[in-house]
Each structure stands twice: as C-alpha cells, then as structure tokens.
1. Amide H neighbours of V133 under 5 Å, at least 5 residues apart or on other chains, H built in the peptide plane: list them.
2. Mind telling me which of L99, L214, L112 comes out most flexible in a GNM of the chain, alpha-carbon contacts under 10 Å?
3. Over segment 56-213, what is the relative contact order in percent, taking alpha-carbon pairs closer than 8 angstrom and at least six residues apart?
4. Can you tell which of I147, G166, A212 lies farthest toward the positive end of the dipole of segment 140-245, using +1 and -1 charges on the Cβ of basic and acidic side chains (Lys, Arg; Asp, Glu)?
5. Could you work out which residue, out of V117, V36, V189, moves most in a Gaussian network model of the chain, that is, has the largest mean-square fluctuation with Cα springs under 10 Å?
6. Which order do R19, R28 fall in if you start with the one that has the fewest other Cβ atoms within 10 Å?
7. Using the structure shown, select from K211/K243; K216/K243; K76/K216 the pairs with a Cα to Cα distance greater than 32 angstrom.
8. Go ahead and set up a Gaussian network model of the chain, Cα springs under 10 Å, then flag whichever of L91, L219, L198 fluctuates most.
Amino acid sequence: MFLRICWLYSELMNIYGDRGNVMALVERCRRRGIDVEVETRNLGERIEQGRYDIFFMGGGQDREQLAVAKDLCGKKGEIIRDEIENGASCLAICGGYQLFGKFYKPFEGDELPGIGVFDAYTIAGKKRMIGNVIARSQLGGRSGLLIGFENHSGETYLSENISPLGMVEIGNGNNGSDGKEGAIYRGAVGSYLHGSLLPKNPSISDFLIEKALLRKGSLLSFTPIDESIEENARAQAIERARKSH
Ligand code: GLN
C-alpha cells in the first residue's frame, strides 16, 4: 500500500517543531508496512489534483501567513479544498489552521483570505496565548486527552456547522473563551497545538492515515501497532502539564 503526503509551505510554515508531524505520519505508516512519500509544495509551486492522500501545513508568523495566503488564493487553495471534500486527510496547525478557515485578520494589516476548509474565522487579539494545553477529545486515545502547547494571538471561532477537535481542560485553545480547541471536518483536523502534535497524540496520526486509506479503498493496511512507549510518554507529558498549571 502507498500514501503520498503533501507538505505545504515547508519553508515558511514550520515553527515550534511542526515538522515533527510529518515525521510521525511517516513513522506510523512505515510501522504498518505502508510505503509513504513526502513532497513539499512551497510558494509558486502548483498542486496536481488527485496526487496527494494527506495534506499538512504547520504554523507561522503573520508575515509568512501573508505570503502564503496570497499563494493559496485561487486555483491552489481550491484544489486543496476540493481534495478534502473528496476524502483526502489534512492536518493544519496554528497559522496553517487559521488559513484553512474563511479568513484571518492579523492585529495589523488587512484581512487575509483563507481557503474555507473549516467554517471558521480568526481575529488576532491583544493577548498572546502561550502555554501547555490539555483537551478532552474523541481522538485523545485511551486517556481521551490531547496534549500540546500553544503560542498564538489569533482567536478562532467555529460556526455551528463544524465540531471542535476537543474541549480545553488546561490552556486557551481556539480563543480562550468558548472552551473549544481546534476543528474537525471530514478528514481535516485543525489545531493550535504545537509540540509537535502528532508524536504526542498518535490517535490523530491514525485518524489521518485511516481516512487516507479509506479513500483508496484499502483499510486492510490499517493494522493496530503497539503504543506502550507513546502512551507512557503521553502520561508523563500530561502529568507535567497539570503540575505546571
Ligand atoms: N501568527 C498567528 C498568531 O499569532 C499564528 C502563530 C503560529 O502559527 N504559532 O496567531
């Protein structure tokens, strides 16, 4: 079985260790005997319809988001949105998550258009939200919890049409007021959690891989793998976050 990952804006949108998400997806495919290829697509590089099974975009500062928003405008953003509507998986973190909504209004400057995967919008606030986050989520594995850390001033608000990835127990999440963290729509996951997210939360990796395999009609390749090391690391990270709260 073979999966191809599109790593969007690997040069611009890759802060706080977000490249670790790509590494986690590759590793969890490899351990299942799934061949996987990673292709980066940066400014000015086109995206071929139907070529990719999983899309990933990491976080970035407002300056990088301005360049990326311009590059995504039009055909490129439409293709990504259509692929997700047609069953492709996607993970978008923080600044990437914001640009997968309808728009992102930075603290200074004009509103940046998003590609509208998530029925959500983001407005930068005065407060920078930084720190560990624990959120209860159906994709939180045995403990039902997600763990990561956040560093953003953007406040994201979801419409009633899409579900949050989880509900915050510690930290701010989407906006520090409605208790929601991230968003989930079809096979697309948005989150504010850096860390990076997937090595600390293997159930989300498996959600993305399983959706991608489903689209290719080959769920047979989706076999369970031993997660004792990951679960042990998660328990310690969650304990540490609770103690530091
Ligand atoms: N520039 C955005 C914000 O500050 C996203 C930051 C990030 O990706 N960590 O909210």
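1. Those lying under 5 Å, H to H, from V133 are G148, F149, E150.
2. L214
3. Numbers: 369 pairs, mean separation 36.4, N = 158.
With pairs under 8 Å counted, the relative contact order is 23 percent.
4. Projecting each Cα onto the dipole axis, the largest value belongs to A212.
5. V36
6. In increasing order of surrounding Cβ atoms, one gets R19, R28.
7. From K211/K243; K216/K243; K76/K216, over 32 Å: K211/K243; K216/K243.
8. Its mean-square fluctuation being the largest, the pick is L219.
Throughout, read-outs are computed from the coordinates displayed, never taken from laboratory work. Note that the structure is a prediction, hence the values are computed from the model and not measured. Glycine also receives a Cβ, built like all others from the backbone with ideal geometry; neighbour counts cover every protein chain displayed.
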